[in-house]
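K.L.:
Supplied in structure tokens, the structure appears directly below.
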Amino acid sequence: MSHDSRKPLSDPKAMRALAHPARLGMINFLGRQPAATATELAEIVGVTPSAASYHLRMLAKYGFVEDAPPRGDGRERVWQAVKEGVSIEREPQDEPMVKEAKQLLVDMILADSQREIRRGMAALDTEPQEWRDVSNWRRAYLMMTAAEAAELRDRMEQLIEPYLTLRRTDPPEGAREVVTHTSLFPLVDPPRPGLPTEDHDAG
């Protein structure tokens, strides 16, 4: 999904509803699997089926998940993530309540991403050699214009697109799920010791 096709989040209630470990876990799982029941999601995120049903209703209330086609006899409700993705865009005109909700959600997502990276790196020594060879974690500092950054962002998304889990309906033998974390934003140097600090919002 291209950057421009994502829906920017602006409702602080919706962002606070999503900023919950179990709900983020459900959204992450539904981003990898076509659909799941509350019972299945309860096992994934470590809550009871009744609690999972409550969280799913809250996610549905704010438009993050929806009903999926029923399975079998249709006795258990099946859920899927909505097809339209969302983005968190920090705007200068954001009201304090909106800004606070965006920061809360960003912090939750970043913490979840860091846990995912740590789990993967900690388990690398148990992986086959071929997977140890291709695993990579790199930070690079670039010098570029905003137009060049936009081009790089779009090219990265185009490269990733064909390999998205839900898009690969017939992956080749030996394929397995891989995660990549990408970020791109202007560098903000940390405050120097002894100098007054300034607040900088992530874009």
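The values are calculated or read from the model by the stated rules, or taken from the named source; none is laboratory data. Being a predicted model, the structure only gives us computed values, none of them experimental. All Cβ positions, even for glycine, are placed from backbone atoms using ideal geometry, and neighbour counts span all protein chains on display. Quick note on the areas: whole protein, heavy atoms, side chains included, nothing else; ligands and nucleic acids left out. Shrake-Rupley method; radii C 1.70, N 1.55, O 1.52, S 1.80 Å.
K.L.:
Once phi is turned into ³J(HN,Hα) by the Karplus curve 6.51 cos²θ - 1.76 cosθ + 1.60 with θ = phi - 60°, what whole-Hz value does each residue of segment 50-65 show in order, with x for glycine and proline?
P.N.:
My calculation for segment 50-65 gives 5, 5, 4, 4, 5, 4, 5, 5, 5, 5, 5, 4, 9, x, 8, 10 Hz in order.
K.L.:
At most 11 other Cβ atoms within 10 Å and a DSSP loop assignment: could you name the chymotrypsin sites (Phe, Trp or Tyr not before Pro) in segment 130-160 that fit?
P.N.:
When the chymotrypsin sites (Phe, Trp or Tyr not before Pro) of segment 130-160 are filtered for loop state and at most 11 Cβ neighbours within 10 Å, 137, 141 remain.
K.L.:
Only Cα pairs under 8 Å and at least 6 apart count here; give the relative contact order of the chain as a rounded whole percent.
P.N.:
Here the relative contact order equals 25 percent.
K.L.:
Now for a different question. Within the chain, which is the longest segment containing none of the GluC sites (Glu not before Pro) that sit in a DSSP loop and have at most 15 other Cβ atoms within 10 Å? Write down the numbers at each step before the final one.
P.N.:
Numbers: sites that count: 76, 84, 89, 173, 177, 198.
Counting only loop sites that pass the neighbour cut-off, the longest clear stretch is 90-172.
K.L.:
What part of the accessible area of the chain, given as a whole %, is carbon or sulfur when the probe is 1.4 angstrom? Kindly include the intermediate steps, with their values, before the conclusion.
P.N.:
Values: 8070 of 15040 Å².
So the carbon and sulfur contribution to the accessible surface is 54 percent.
K.L.:
Can you pull out the trypsin sites (Lys or Arg not before Pro) in segment 53-131 whose DSSP state is coil and whose Cβ has at most 15 other Cβ atoms within 10 Å?
P.N.:
Working: sites: 57, 61, 71, 75, 77, 83, 90, 99, 102, 115, 118, 119; in loops: 71, 75, 77, 83, 90.
Counting only loop positions with at most 15 other Cβ atoms within 10 Å, the trypsin sites (Lys or Arg not before Pro) in segment 53-131 are 71, 75, 77, 83, 90.
K.L.:
Related question: Hey, can you find the accessible area per residue of the chain for me, probe 1.4 Å, expressed in square angstrom?
P.N.:
About 74 Å² of surface per residue is accessible.
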